[in-house]
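One structure is given here, and the rest of the page talks about it.
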Amino acid sequence: MNGIIVFKKYGKCPIQQYDHCEFVKSKSSRQEVLGLLVTCHRQYDLKQRQLREWIKSREKEECENECNYKGKRSEMKDHLDNSYRLISTQKIMLLIKNLQSQLQAEKLQTRNIKKKKKEELRKMYLKSNAKIEKLKESDNKKI
């Protein structure tokens, strides 16, 4: 019977005792069932909950991004300014100019700081050289 063993044992069930029981024991079926991959039910529930929340958030975003404005053409600018807080091209250009001037000021500050540090290092170098020369002279006098 190709891997399937049929038992008929005294008319009694091997699991629970009652009459008129017939059951099939299949080695290949049992091996297939034992080889199945399963998912933890908690992990599955978590994934399902996350999926539902994601779907709800997407639906909410779509509703928020949907505009149902119906009004006069003359009121459209006010609607756009108030609803979407759009920035005009002039404001963008002004912001860019301000940022450029800030950048230029920071560059100048950086240059000035570098010059000061360079001058300080040069002075320290000269002082240390002068001290070295004095020490050499005093050593030469001792000899």
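Readers should treat all values here as calculations from the given coordinates under stated rules, not as data from a laboratory. Model, not experiment: these values are computed from the prediction. Cβ atoms come from the backbone with ideal geometry, glycine included; neighbour counts cover every protein chain shown.
Points to keep in mind about this one:
- Sites Leu99 and Arg73 - FRET efficiency at Förster radius 41 Å, r taken between beta-carbons, to 0.05: 0.75
- If you take the alpha carbon atoms of the range 89-143 and fit the smallest convex hull around them, that volume is 29 Å³ per residue.
- For Leu126, neighbours were defined as the other residues whose beta-carbon sits under 14 Å from its Cβ, and their charges (Lys and Arg +1, Asp and Glu -1) total +3.
- Exposure proxy order (Cβ contacts within 10 Å, fewest to most) of His41, His79: His41, His79
- Those lysines that a straight Cα-Cα span of less than 30 Å connects to Lys27, excepting residues fewer than 8 apart in one chain: Lys8, Lys9, Lys12
- Each label was represented as a point 7 Å from its Cα along the Cα-to-Cβ direction; for Lys141 and Lys116 these points are 3.8 nm apart.
- Residue order, fewest to most surrounding Cβ atoms within 10 angstrom, among Thr110, Thr89: Thr89, Thr110
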